1. (1) touching a residue at least 24 places away in the same chain (Cβ under 8 Å); (2) surrounded by fewer than 17 Cβ atoms within 10 Å (Cβ to Cβ): which one isn't true of Arg93, the others all being true?
2. Take the residues of segment 1-25 that are modelled with pLDDT under 95 and among the hydrophobic types (A, V, I, L, M, F, W, C): which is surrounded by the fewest Cβ atoms within 10 Å (Cβ to Cβ)?
3. Residues that are under 18 Å from the mean Cα position of the chain (by Cα) and farther than 24 Å from Phe304 by Cβ: does segment 19-38 have at least one?
4. For segment 131-180, which positions are farther than 30 Å from Gly272 by Cα and among the charged types (D, E, K, R)?
5. Quick one: which strands (runs of 3 or more DSSP E) lie wholly within segment 177-282 and hold at least 2 residues that are in the same structural domain as Ile293 (by TED's automatic domain parsing) and surrounded by fewer than 24 Cβ atoms within 10 Å (Cβ to Cβ)?
6. Please tell me if Ser355 is surrounded by 13 or more Cβ atoms within 10 Å (Cβ to Cβ) and modelled with pLDDT under 95.
7. Would a scan of segment 159-172 turn up a residue that is farther than 26 Å from Asp321 by Cβ and away from the ligand (no atom under 13 Å from the Cβ)?
8. What are the pairs with Cβ atoms under 9 angstrom where one residue, in segment 54-74, is modelled with pLDDT under 95 and the other, located anywhere, is part of a strand (DSSP E or B)? Sequence gap at least six, or different chains.
Amino acid sequence: MSVAGNSARAMILVEPRRFTPTRLPVGEMEVGGWLAVEATGLSGVDVQAWEGTSRFVKYPLIPGHEVVGRIAEAMTDFGIPVGTRVVVESSIRCGSCRRCMNNVSSCNLRKPINAYGQLPSTESPALWGGFAELMYLDPGSRLHVVSDDVPAVVSAFAHPLAAGFTWAVEVPDLRAGENVLIMGPGPRGLSALVAAKAAGAGWVGITGLSHDADRLRLAKELGADMIVFSDVDDPASAVADSLGSRPDIVIDVTSNDTEAILLGLDLVRVGGRLVLASTKGTAPVNQLFSDIIVVKELSVRGAFGASSAGYHWATRQLAQDSRLDHMVSHEFPLEEADKAIQASAGHFGREDLISVALAVS
Ligand SMILES: [Zn+2]
């Protein structure tokens, strides 16, 4: 079956805060493939594209980087049959640029970032995001089969779940019995909790703000040993009361909170590991005295995006852990992309808000 010659419904973000529903013709491509999009999860990356605060985005573009769908056509052999449902890793890798050679997740063959949902639709073949019925599969796409038994919007949660595994298990090399403090209860923070517990962590605590009450309640159900509202209670005393010592690993998955870095450096044990997985844009970390890293002999690691190992784990975990069905609290049809983004940003309130997905087909 050839997809070329058809057209695909898409929501194009022509400028910040303005979507235009459209139909794009599908051109003939010699390599890569086409994905029939089923669902697309939303994250802060989409919110920033919508608000116009991302330094990676050029307009117009089709947002959506947490994509799941079925392979509709494959000009390049991805090793997976046409018709199979797959999760597409957000970042595209050329395999030959300096970044790919150094095995970091942010290939920059296409500037400024080679990733779905962030490439302008002026670049052929335009369909580079999950806010559309069809998405082009670059030959450098990495695909992971996901069970047909998992609801489509839930399988899109493989993306944050993969990041949770990468940041909580892989990057800090988590060993069974170790204690982990996660700062930030968003979809990726909750995923880090699920992954750490599944990997045999001893104690896992998680911090959030008062408006995160429902996310922290879910964290309890997912096995968190401690939840703390860091705008009401002192996280240091809460950790001391609950754990009785300092965590081996602290992970910063807060949103735009520079203070979290100072708190993480302070709370982690001597010789411990701090994983920084949240970007702070142009905000500096004030009053950072680097001696704390030296004297405590800390390992500080930056983590940007999810690894293929993370995706491999996440797609399997979704098929066997039905608790993950609760991770997607809101779903919207493609036409309501605007509403979906605002819901995910918390503009309609945060009650019951865990994560948001678009059900595309
Ligand atoms: Zn590359």
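The values are calculated or read from the model by the stated rules, or taken from the named source; none is laboratory data. No experiment lies behind these values; they were computed from the predicted model shown. Glycine also receives a Cβ, built like all others from the backbone with ideal geometry; neighbour counts cover every protein chain displayed.
1. (2)
2. Met1
3. Scanning segment 19-38, I find at least one residue that is under 18 Å from the mean Cα position of the chain (by Cα) and farther than 24 Å from Phe304 by Cβ, so the answer is yes.
4. Matches in segment 131-180: Glu133, Asp138, Arg142, Asp148, Asp149.
5. Result: 226-229, 273-276.
6. No.
7. no
8. Within 9 Å, the pairs are Phe56/Ala115; Val57/Leu13; Val57/Pro120; Lys58/Pro120.
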